[in-house]
Every structure is written in C-alpha cells, then in structure tokens.
Amino acid sequence: MILEGPGYLIRRAPDGPWRGWVPVSLLDGAGLGAAPAFAALETLAALVGAFPGGLDLVWHRVPGWLRQLPPEQWLGFWIAATAIPGLVHHVPESLGAELPRGAFRAWVHAPQPPATLGRAWLEGDLGWIPSAGGSWILPGRGLLPVREGSRPGAWPEPLPGFHWGEVQVPFPALGALDLPGLVRSLEETQASLERAMSLRLQGGGWPQALPFQRRQGTWRISLLGGAQFLKSGGDWKLAWEGAEALRASLQESLRIPCLLGPGFDPGAGALLGRQAMREGLRWRASLSLPPEPATFSPGFGAAPWRPSPLSTRCSWPEPWSGKERESPLAFLLVPGPPSGRAAQALVETLSHPPAIRWLPPGHPIPWTADPEDPWEPHDRFPMPPSPDGGMARSLFED
C-alpha cells in the first residue's frame with residue numbers, strides 16, 4: 001500500500017510489518033520429522049509471505065543439516081532458495097566461495113572486494129557490501145544488532161527485526177515538508193497497523209517460526225534524488241542536519257525507532273517527481289524539464305539506468321558515509337563483465353565505496369523499468385578502465 005502526501009510517500013503492508021530480516025539460525029529445527037532442507041524452504045516461503053516488502057536472510061553460519069546434504073541436494077537447495085521471490089541472501093566471503101556458480105545470487109559481506117570469488121562477483125551473481133568482520137550492515141536497514149555471546153572472530157548472529165513501513169522523501173524537499181501532516185499520517189498508519197496485527201496474531205496468521213515482538217519494529221526514512229539535489233546546488237552537510245532533524249521528530253512522535261538512509265526505489269522517485277511537477281511544489285526546480293523525465297534518482301548517485309561515469313553512480317558523500325553507516329546500492333550496468341584488476345582499481349578510487357553489483361548483459365535488472373524512463377542498452381555504458389590503461393577484456397576473448 002502507498003500513502004501519498006506533499007513531498008513524501010509512505011509504503012506499508014495492509015495488516016503488519018513491511019520488511020524484515022532474520023538470521024539463518026531461525027531455520028534450525030523447522031519442520032520436525034520432515035526433511036530439513038525441504039522444511040527450511042517451506043519456512044522461508046512462509047516468512048517471506050509475511051513481509052510484502054521483502055525479507056533479508058543473514059547466513060552467519062551454515063546449518064549442520066545443510067552441510068550433510070549430498071551434492072545434488074546441496075545444489076538444489078541453493079537454486080530453490082534463490083528462486084523465492086522477495087528473499088535476499090547475505091553471506092560472508094568464506095561462504096560465498098562455496099556457493100554454486102550461476103545457481104545462487106547473494107550479497108557478500110567483506111572488508112574488501114571479494115577477489116577470492118573470481119568471476120561470480122564480476123559477472124553479477126554476487127554483490128559486494130563493504131563490512132568489517134563481525135558487522136552485518138544491510139542496505140535498507142544499516143548496522144544490525146547482534147545476539148550477545150557470539151564467538152570472537154566469527155560472524156555474529158544478528159537479531160531478527162522488521163520495518164513497520166518506509167517513508168520516502170526526496171532530498172530537495174527536506175526542510176520544506178509539511179511535518180505536522182506527515183506525523184499525523186504516520187500516527188494514524190501506526191495505529192491501524194497495530195490493530196490489524198493484533199487481529200492477525202489472534203487468528204494465527206503469523207509464521208510460528210518467528211515470534212512477533214513489537215520492540216523489534218522500526219520505521220525507515222529513505223531519501224531519494226541525491227543527483228538532483230547536488231545539481232541544484234545542495235549542501236550535503238545541511239541535508240544531513242535536515243534529515244536528522246526529521247528522523248528525531250518522527251521518532252519522538254511515534255515513540256518507535258526511526259532509521260535513516262538512502263532509498264533504492266526508482267518507482268517512488270518517479271511518483272514523487274511527477275507529484276512535484278503536477279502540484280507545483282517548491283522542490284520541482286531541482287528536476288529536469290520536459291522532454292526529460294521528472295524523476296528523482298535512487299539514493300545519492302546518478303540514475304543507474306542512464307549512462308554516466310561509474311564514479312557518479314557510486315556516490316556516497318560525507319557526512320553520510322562512515323564505518324557503520326548503511327551503504328548505498330550501486331547497480332553498475334556495463335557492456336560486459338569487467339576484469340578483476342579494473343574492478344579493484346575502481347574501488348580504490350572511491351573514498352567510501354558503496355555496495356556494488358555489476359550488471360553485464362544477461363543479468364536480470366533489479367527493478368521494473370519505467371516506460372517513460374527505461375534502462376538504456378548495455379553498450380551505451382562505460383567499462384571500468386584497467387590500471388594499465390587498457391580496457392577490461394571481454395568475457396568471450398581468449
């Protein structure tokens with residue numbers, strides 16, 4: 001469901017949380033008496049169905065029952081787990097090296113680009129999220145709290161949680177929003193969600209594998225249109241102060257934690273851009289004039305579906321960047337898989353690398369294309385140059 005107000009959109013589910021995240025340990029013991037792998041897939045499908053906005057599954061370890069599968073069933077499990085719509089996998093680099101090539105897609109968490117994974121990263125099967133050892137930082141959520149008593153040196157077990165919903169706001173609208181109206185809409189939405197969730201729990205409509213705990217809920221504020229904000233002369237420090245003030249106001253009013261980060265929904269950017277032009281809102285001046293589409297790009301950088309320098313699509317400005325800040329997503333369309341040296345050289349030019357996923361030809365596009373602003377063909381996008389001055393080799397070269 002989408003609720004629209006001047007300069008913002010509220011995404012929510014009709015009767016419960018919008019998006020969630022869980023550790024893989026939640027699958028231990030699922031479906032007692034059944035084959036563990038099939039029971040785990042059934043549990044995952046039920047969990048994903050509880051979160052219309054999607055579910056993040058964090059593989060802090062590999063369950064014993066999965067290790068015991070014969071090779072054919074091991075491969076089949078990963079293929080089936082990848083095929084569940086709305087399920088996003090997060091794995092450490094050590095597990096990424098074990099995953100079947102071409103049969104599984106996930107985000108790999110590692111301090112440096114996952115060179116040990118070879119072509120799996122360069123061909124787009126695996127994305128990379130910069131994460132220091134022992135820290136799970138998820139796009140759309142940020143740093144996850146972890147269970148106490150995690151083994152030193154190991155990836156810790158994160159605590160499950162969820163977003164009640166998401167408030168999407170373009171950067172140029174910060175400071176000009178109707179804050180009382182937004183607060184009123186969110187308070188009414190929260191009250192409606194909690195009533196509906198209470199009835200849902202009474203009727204047994206919530207997955208048994210995930211006990212519902214209200215204190216695990218948050219709201220997320222997702223910011224769009226960074227490229228338009230910068231082009232119109234915006235100041236990132238002032239934007240940070242304005243966004244923090246908005247977050248603090250909403251958190252005080254709702255009495256629920258509110259998280260702040262870049263937004264990744266181009267559909268929301270298109271809706272908010274058209275709204276600004278249609279209603280003559282103040283921040284419409286930051287948008288392109290016809291015949292160019294009036295759209296706010298996702299997050300901080302340039303729109304990933306239009307050709308532009310790679311660095312502009314990987315933007316992560318101060319003071320938004322930092323060791324434990326949520327990484328923006330950079331989906332990099334390229335004419336072909338880059339070389340490992342070229343990919344590494346690109347990362348080294350970025351003071352704060354975002355989460356990166358390469359999108360060579362044949363790889364599925366992460367979002368549905370807007371008919372008024374479609375994805376450009378791959379061959380119009382630049383390749384990252386190799387450090388020796390040459391271009392990255394084609395996948396089909398000898």
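Taking the condition of being small (Gly, Ala, Ser), farther than 13 Å from Phe264 by Cα and assigned to a loop (DSSP other than H, G, I, E, B), how many residues in segment 287-323 meet it?
Counting residues in segment 287-323 that are small (Gly, Ala, Ser), farther than 13 Å from Phe264 by Cα and assigned to a loop (DSSP other than H, G, I, E, B) gives 6.
Given the criteria out of contact with any Cys (no Cβ under 8 Å at 6 or more places or on another chain), farther than 16 Å from His90 by Cβ and of a type in the set (Ser, Thr, Tyr), does Ser135 qualify? Break it down into steps so the answer makes sense when it comes.
On the way: out of contact with any Cys (no Cβ under 8 Å at 6 or more places or on another chain): yes; farther than 16 Å from His90 by Cβ: no; of a type in the set (Ser, Thr, Tyr): yes.
No, not satisfied.
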Residues that are at pLDDT below 95, buried (at least 21 other Cβ atoms within 10 Å of the Cβ) and among the small types (Gly, Ala, Ser): does segment 141-155 have at least one?
no
Cβ-Cβ under 8 Å pairs, at least 6 apart or on other chains, segment 45-56 side at positive phi, far side assigned to a loop (DSSP other than H, G, I, E, B) and surrounded by fewer than 19 Cβ atoms within 10 Å (Cβ to Cβ)
Gly54/Gly86
Considering each residue of segment 338-360, count those that are under 25 Å from Val88 (Cα atoms), under 22 Å from the mean Cα position of the chain (by Cα) and not in a helix (DSSP H, G or I), and give that number.
9
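Here is a check on your reading of the model: is Ala294 under 20 Å from Ala106 (Cα atoms), modelled with pLDDT under 95, crowded, with 22+ Cβ neighbours inside 10 Å and of a type in the set (A, V, I, L, M, F, W, C)?
On the way: under 20 Å from Ala106 (Cα atoms): no; modelled with pLDDT under 95: yes; crowded, with 22+ Cβ neighbours inside 10 Å: yes; of a type in the set (A, V, I, L, M, F, W, C): yes.
The answer is no for Ala294.
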Among the candidates Leu182, Leu186, Leu199, residue that is surrounded by fewer than 17 Cβ atoms within 10 Å (Cβ to Cβ), outside any loop (DSSP other than H, G, I, E, B) and aliphatic (A, V, I, L, M):
Leu199
Is one or more of the residues making up segment 29-43 modelled with pLDDT of 90 or more, surrounded by fewer than 18 Cβ atoms within 10 Å (Cβ to Cβ) and touching a Phe, Trp or Tyr at 6+ places or on another chain (Cβ under 9 Å)?
no
Residue count, segment 104-130 (criterion: crowded, with 16+ Cβ neighbours inside 10 Å and either in a loop (DSSP other than H, G, I, E, B) or acidic (Asp, Glu) (or both))
7
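The values are calculated or read from the model by the stated rules, or taken from the named source; none is laboratory data. Quick caveat, the model's predicted, so the values are computed rather than measured. Positions of Cβ are backbone-derived with ideal geometry, glycine not excepted, and every protein chain shown enters the neighbour counts.
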